[in-house]
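Notes follow the structure.
The values are calculated or read from the model by the stated rules, or taken from the named source; none is laboratory data. These numbers come from a predicted model, not from an experiment. Reconstructed Cβ throughout: ideal geometry from the backbone, glycine too, with neighbour counts over all protein chains shown.
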Amino acid sequence: MDKRSFLQLIGLGGLGLGTEWPWIPSWLEDTRTDAEFWDKVRADYLLTEDYINLESGYYNIIPQPTLKALQKHIETINVRGSHYMRNDQFPDKKRIIQSLAEVVGCSSESLILTRNTTESLNTVIKGIPWKANDHIIFAHQEYGAMQQMIRQVAQRFDLTITNLDIPMHPESDEEIVAHYEALIQPQTRLILVSHMVNITGHILPIKKICDMAHGHGVEVLVDGAHCIGHFDFNIEDLDCDYYGSSLHKWLATPLGCGLLYINPKHQETLWPLFTEDYRMTDGIQRFGHQGTHPVYHDLAIEHAITYYKALGPQRKEERLHALATRWMEALRDHKNIRLNTPAQQQRYAGIGNVGLKTIRASELAKQLMDTYGIFTVAIEGAGVDGCRITPNVFTSETEIDQFAQAMLQLASTA
């Protein structure tokens, strides 16, 4: 994006931010080397010097322009108080959803704001009009809280559950699809599946899974916690029934921002988690009630979108993928190192998982932090024993190389 396009984006024809967004990124129209470009992007972040942060998966540090915009919104709403909440909150929310729908590739009439992926998926899991003996399929690699919610709902409504293990290094999309299809029964109602497996970074063939499931009359709920703002796609192209995501991960909004996509064909049968209207005939509006909450976080979504668009979705995706590839290729052939993320380029983006064959992941994470000052997160379970590595746009190639060298040293001395 050049400077003129950026000014159009933040002007009257853009996101409606007007003079609230005085920042113009220094890296616009930068024609120098790729490394120098990303050094300028890194300067938009205030980073600790205590460690190298390779754990952006839990919460994605927001850049200073978005942070300053958030602080301004907090001050403004604190001054206006109830006058803002009663007069401007809902028109602003509608505009934000419209801007977000453009980014994620769906109609604004199919989208609501939530606080996180957990809230989004719980809305669906608790809202489906279950019948006794309905059947749900999900993998052992799904997010733990979602597995617990399904088990609770199953106990409450007398449902049945079948689990599977996602192939860690599949030979084809069809192999993955076949694992799900083999478990479908006449009573199967829902498949819960991650777009990107949170513990390994494995990107699954969602469109093919949805096509297969719909051929059997089965609905698909997609956990896209790590996908929005990470790699470029359109939700409607997936042909899923429901899609939940956390925007405070890779879109780099403030904490407490998420979304839920509900296919229009389910909007009059799904029960809301927080209801706007008890009647079942008002479409997506019925799901939008959140109660009193920090709306300034929602307002900052627009600024995060501006930053994301200025950076360029494809450029960001390519950078994250390149950083992941850099350390994976450096470690792939060592006899004591285990890569828990598929090698095929299309099956990962910025997240990967790696372990040592000689020690548990918890010990590996401790040694990386204590000895090398590298912060990661240990994953032990669901067939995975390794550290999840999640660099960000502020991560330098030097830091990636430091991590790779640390792993090689640990692998050689183990």
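Could you tell me how many of the residues in the range 141-163 are in contact with a helix residue (DSSP H, G or I) (Cβ under 8 Å, 6 or more places away or on another chain) and surrounded by fewer than 18 Cβ atoms within 10 Å (Cβ to Cβ)?
3
Can you tell me which residue in the range 253-288 is farthest from the chain's Cα centre (by Cα), limited to those that are under 17 Å from Ile301 (Cβ atoms) and crowded, with 21+ Cβ neighbours inside 10 Å?
Gly288
Tally time: how many residues in the range 169-211 are outside any helix (DSSP H, G or I), of a type in the set (A, V, I, L, M, F, W, C) and surrounded by fewer than 18 Cβ atoms within 10 Å (Cβ to Cβ)?
Taking the range 169-211 and keeping what is outside any helix (DSSP H, G or I), we get 169-172, 182-205.
Imposing the further condition that a residue be of a type in the set (A, V, I, L, M, F, W, C) reduces the set to 182-184, 190-193, 196-197, 199, 203-204.
With surrounded by fewer than 18 Cβ atoms within 10 Å (Cβ to Cβ) added as a condition, the list becomes 182-183.
Final tally of qualifying residues: 2.
List, please: which pairs have Cβ atoms under 9 Å, are six or more places apart or on different chains, and start with a residue in the range 137-155 that is farther than 20 Å from His202 by Cβ and free of Cβ contacts under 8 Å to residues at least 40 places away in the same chain and end with one that is of a type outside the set (A, V, I, L, M) and assigned to a helix (DSSP H, G or I)?
So the pair list comes out as Met149/Thr118; Met149/Asn122; Met149/Lys126; Gln152/Lys126; Val153/Lys126.
Can you tell me which residue among Glu363, Glu380 is surrounded by fewer than 18 Cβ atoms within 10 Å (Cβ to Cβ), assigned to a strand (DSSP E or B) and of a type outside the set (Lys, Arg)? Spell out the reasoning first.
Working: Glu363 fails: assigned to a strand (DSSP E or B).
Of Glu363, Glu380, the one residue that is surrounded by fewer than 18 Cβ atoms within 10 Å (Cβ to Cβ), assigned to a strand (DSSP E or B) and of a type outside the set (Lys, Arg) is Glu380.
Quick check on this structure: which one of His226, His216 is touching a residue at least 24 places away in the same chain (Cβ under 8 Å) and buried (at least 24 other Cβ atoms within 10 Å of the Cβ)?
Going through His226, His216 in turn, the sole match is His226.
What is the residue count in the range 75-104 for residues that are among the basic types (Lys, Arg), free of Cβ contacts under 8 Å to residues at least 40 places away in the same chain and closer than 15 Å to His289 by Cα?
Count: 2.
Kindly indicate whether any position in the range 237-249 is modelled with pLDDT of 95 or more, assigned to a loop (DSSP other than H, G, I, E, B), touching a Leu at 6+ places or on another chain (Cβ under 9 Å) and at positive phi.
Among the residues of the range 237-249, not one is modelled with pLDDT of 95 or more, assigned to a loop (DSSP other than H, G, I, E, B), touching a Leu at 6+ places or on another chain (Cβ under 9 Å) and at positive phi, which makes the answer no.
When Thr33 is evaluated against the numbered criteria (1) within 29 Å of Asn198 (Cα to Cα); (2) among the β-branched types (Val, Ile, Thr); (3) surrounded by fewer than 12 Cβ atoms within 10 Å (Cβ to Cβ), which criterion, by number, is the only one it fails?
Unmet for Thr33, out of (1) within 29 Å of Asn198 (Cα to Cα); (2) among the β-branched types (Val, Ile, Thr); (3) surrounded by fewer than 12 Cβ atoms within 10 Å (Cβ to Cβ): (1).
Spot the failing condition for Phe138; the list is (1) closer than 30 Å to Thr390 by Cα; (2) outside any strand (DSSP E or B), and only one is missed.
Unmet for Phe138, out of (1) closer than 30 Å to Thr390 by Cα; (2) outside any strand (DSSP E or B): (2).
Among the residues of the range 276-288, what is the count of those that are free of Cβ contacts under 8 Å to residues at least 24 places away in the same chain, out of contact with any Pro (no Cβ under 6 Å at 6 or more places or on another chain) and either within 15 Å of Lys94 (Cα to Cα) or assigned to a strand (DSSP E or B) (or both)?
Of the residues in the range 276-288, the ones free of Cβ contacts under 8 Å to residues at least 24 places away in the same chain are 276-282, 285-286.
Restricting the remaining residues to those that are out of contact with any Pro (no Cβ under 6 Å at 6 or more places or on another chain) gives 276-282, 285.
Next cut, either within 15 Å of Lys94 (Cα to Cα) or assigned to a strand (DSSP E or B) (or both) only: 276, 285.
The total comes to 2.
To keep it simple, each residue is scored yes or no on (1) of a type in the set (D, E, K, R); (2) surrounded by 15 or more Cβ atoms within 10 Å (Cβ to Cβ); (3) over 26 Å from the mean Cα position of the chain (by Cα); (4) outside any loop (DSSP other than H, G, I, E, B).
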site	(1), (2), (3), (4)
Ser26	no, no, yes, no
Phe37	no, yes, no, yes
Val41	no, yes, no, yes
Gly57	no, yes, no, no
Ile62	no, yes, no, no
Thr66	no, yes, no, yes
Ile77	no, yes, yes, yes
Cys106	no, yes, no, no
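Just one of Leu273, Leu259 is farther than 19 Å from Tyr45 by Cβ, part of a loop (DSSP other than H, G, I, E, B) and in contact (Cβ under 8 Å) with a residue 40 or more places away in the chain; which is it?
Leu273
Which of (1) within 18 Å of Gln405 (Cα to Cα); (2) assigned to a strand (DSSP E or B); (3) in contact with a Lys or Arg (Cβ under 9 Å, 6 or more places away or on another chain) is the odd one out, the single condition Arg388 does not satisfy?
Result: Arg388 fails condition (3) only.
Inside the range 395-414, can you point out the residues that are within 21 Å of His230 (Cα to Cα) and surrounded by fewer than 20 Cβ atoms within 10 Å (Cβ to Cβ)?
Once the filter is applied, which keeps residues that are within 21 Å of His230 (Cα to Cα) and surrounded by fewer than 20 Cβ atoms within 10 Å (Cβ to Cβ), the range 395-414 yields Ser396, Glu397, Glu399.
Just to be sure I understand, how many residues within the range 43-55 are surrounded by fewer than 17 Cβ atoms within 10 Å (Cβ to Cβ) and of a type outside the set (Ser, Thr, Tyr)?
5
With the requirement that a residue be within 24 Å of the chain's Cα centre (by Cα) and polar (S, T, N, Q), what does the range 363-387 give you?
Thr376
For the range 41-66, which residues satisfy the criterion of being among the hydrophobic types (A, V, I, L, M, F, W, C) and either free of Cβ contacts under 8 Å to residues at least 60 places away in the same chain or touching a strand residue (DSSP E or B) at 6+ places or on another chain (Cβ under 8 Å) (or both)?
Matches in the range 41-66: Ala43, Leu46, Leu47, Ile52, Leu54, Ile61.
Considering the range 342-357 alone, what residues qualify as being more than 30 Å from Phe233 (Cα to Cα) and either touching a residue at least 60 places away in the same chain (Cβ under 8 Å) or loosely packed, with under 14 Cβ neighbours inside 10 Å (or both)?
If the condition is that a residue be more than 30 Å from Phe233 (Cα to Cα) and either touching a residue at least 60 places away in the same chain (Cβ under 8 Å) or loosely packed, with under 14 Cβ neighbours inside 10 Å (or both), then Lys357 is the only one that fits.
Looking only at the range 181-190, which residues are in contact with a Leu (Cβ under 7 Å, 6 or more places away or on another chain) and within 22 Å of Asn122 (Cβ to Cβ)?
Leu190
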